[in-house]
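The values are calculated or read from the model by the stated rules, or taken from the named source; none is laboratory data. All of these numbers come straight from a predicted model, not from anything done at the bench. Cβ placement follows ideal geometry from the backbone for every residue including glycine, while neighbour counts extend to all protein chains displayed.
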Ligand SMILES: C[S@@+](CC[C@H](N)C(=O)[O-])C[C@H]1O[C@@H](n2cnc3c(N)ncnc32)[C@H](O)[C@@H]1O
């Protein structure tokens, strides 16, 4: 017979990155996912680790005294935001202290810490959302929104989400109503039967251009003409729908894989404008999700690079070529490497659009492509995905022996792991600045300037 799990109650005494809370019960340390310092919680105890016990928060019994805001009505059900109940100043302080203690824990010290920069907007800042079709409860009516916190199958209809522009909510409601009327079923992730899978919406916040991508299985037919007309005739949408895609995806995993991509209306990209430059963005190209925050982030990178002219700059993990193009006036030549071909095509077109002829983009994996780079860089910019730099790639990058490196990171855990390698191999951490690209969520961006220690 399975042993009954122990349920305990305690106050959260600390919150560490990323979104883990610590408390004590009797003489034991308990670490749980979620929670805010000062909350009294009911927790079910799980596995014993070396020096702590894993716990799962079942219920918040008492709010923390720091929770003074009402925030978004969905935030307890939806897994997207954690800090909706804090004032923005408290959220920034919390994030800052979490990042600094990560650096301290790894023994990374003696750098110039330049603080945390606010996001220009804390509401309506997101320019891209990936919604899932499903039901709010098993066999309930069709729903479209985000996964319920900690649940894989249930979907919360996030019609009052406050971190997206209002057009996202209008499009969500219009699409949901349309498919409810048509009685088209969602794709059931348990038995892999059904049709509707995802709805991806991207809105360039500086130009108001919108692209929409409907993702379904191939188990049913959609009247794409009718679907498209319903959206383009929706008067409530303030922005301008410039393109609609219809994607078929029969893969068993929940990620969006493309078996067939059809442009059913308009053109396949939006144009966003940042720091005076134009960027074409296609549905599968990476682009910072906080447009106005991206201006601040790239300005920090530009400040860290300084005004000294560099000859050769490498922009590794270059996406649609944003950083490469922003740095282009300060160097002879920039070479970007990016794995998503579509993003590289965007980057090349963007450079043309912006009249820049000293930027070059290579499509491929950084790990492999750095072997083919022949020029010696003065400066390397690294902006990897959440997993950080591949352990073999990091050594190849350091072998170029650049005078300076700027590391832009969306995951401080992998950032500090990678910084230790740079330090071991002769680099000094000069400056660190945090940028809150993701208000109300647990995530933070960090920018780090490193310089080679001369012997
Ligand atoms: C955090 S984004 C940065 C993009 C860009 N610097 C920007 O600010 O828009 C990371 C990028 O790395 C790309 N990427 C992921 N793994 C890669 C790899 N092994 N080699 C090259 N690029 C990769 C992703 O497609 C994504 O565009």
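What to note about this one:
- Checked against the criterion of being at pLDDT 95 or above and either within 17 Å of residue 281 (Cβ to Cβ) or out of contact with any helix residue (DSSP H, G or I) (no Cβ under 6 Å at 6 or more places or on another chain) (or both), the candidates 335, 362, 381 yield just one match: 335.
- Take the conditions (1) over 19 Å from residue 168 (Cα atoms); (2) touching a strand residue (DSSP E or B) at 6+ places or on another chain (Cβ under 8 Å); (3) more than 16 Å from the ligand (Cβ to nearest atom); residue 243 misses just one of them, which is (1).
- Residue check, residue 111 surrounded by 16 or more Cβ atoms within 10 Å (Cβ to Cβ), over 23 Å from residue 161 (Cβ atoms), touching a residue at least 60 places away in the same chain (Cβ under 8 Å) and out of contact with any strand residue (DSSP E or B) (no Cβ under 7 Å at 6 or more places or on another chain): no
- Residue in segment 146-167 that is farthest from residue 35 (Cα to Cα), counting only those that are over 17 Å from the mean Cα position of the chain (by Cα) and not in a loop (DSSP other than H, G, I, E, B): 167
- The sole residue among 108, 57 that is under 26 Å from residue 414 (Cβ atoms) and in a loop (DSSP other than H, G, I, E, B) is 108.
- Residue check, residue 323 touching a helix residue (DSSP H, G or I) at 6+ places or on another chain (Cβ under 7 Å), within 12 Å of the ligand (Cβ to nearest atom), part of a helix (DSSP H, G or I) and touching a residue at least 24 places away in the same chain (Cβ under 8 Å): yes
- Looking only at segment 1-52, residues that are exposed (fewer than 15 other Cβ atoms within 10 Å of the Cβ) and in a loop (DSSP other than H, G, I, E, B) come to 12 in all.
- The set of residues in segment 281-323 being touching a strand residue (DSSP E or B) at 6+ places or on another chain (Cβ under 6 Å) and over 19 Å from residue 409 (Cα atoms) consists of 281, 283, 310, 311, 312.
- Filter pass, residue 264 being part of a helix (DSSP H, G or I) and either touching a residue at least 40 places away in the same chain (Cβ under 8 Å) or surrounded by fewer than 16 Cβ atoms within 10 Å (Cβ to Cβ) (or both): no
- Whichever residue in segment 271-301 is within 11 Å of the ligand (Cβ to nearest atom) and assigned to a loop (DSSP other than H, G, I, E, B) and, among such residues, is nearest to residue 430 (Cα to Cα): 288
- Residue within segment 302-317 that is surrounded by 20 or more Cβ atoms within 10 Å (Cβ to Cβ) and part of a helix (DSSP H, G or I) present: yes
- Each residue in segment 326-342 was checked for being more than 14 Å from the ligand (Cβ to nearest atom) and either closer than 30 Å to residue 163 by Cβ or without any contact (Cβ under 8 Å) to a residue 12 or more places away in the chain (or both), and 1 of them qualify.
- Every residue from segment 420-452 that is assigned to a helix (DSSP H, G or I) and out of contact with any helix residue (DSSP H, G or I) (no Cβ under 8 Å at 6 or more places or on another chain): 420, 423, 424
- Scope segment 379-424; condition within 11 Å of the ligand (Cβ to nearest atom) and at positive phi; matching residues: 388
- Residue count for segment 352-391, restricted to those that are in a helix (DSSP H, G or I), free of Cβ contacts under 8 Å to residues at least 40 places away in the same chain and more than 24 Å from the chain's Cα centre (by Cα): 5.
- Residue satisfying all of: in segment 1-20; within 30 Å of residue 95 (Cα to Cα) and more than 22 Å from the chain's Cα centre (by Cα); modelled with the lowest pLDDT among these: 14
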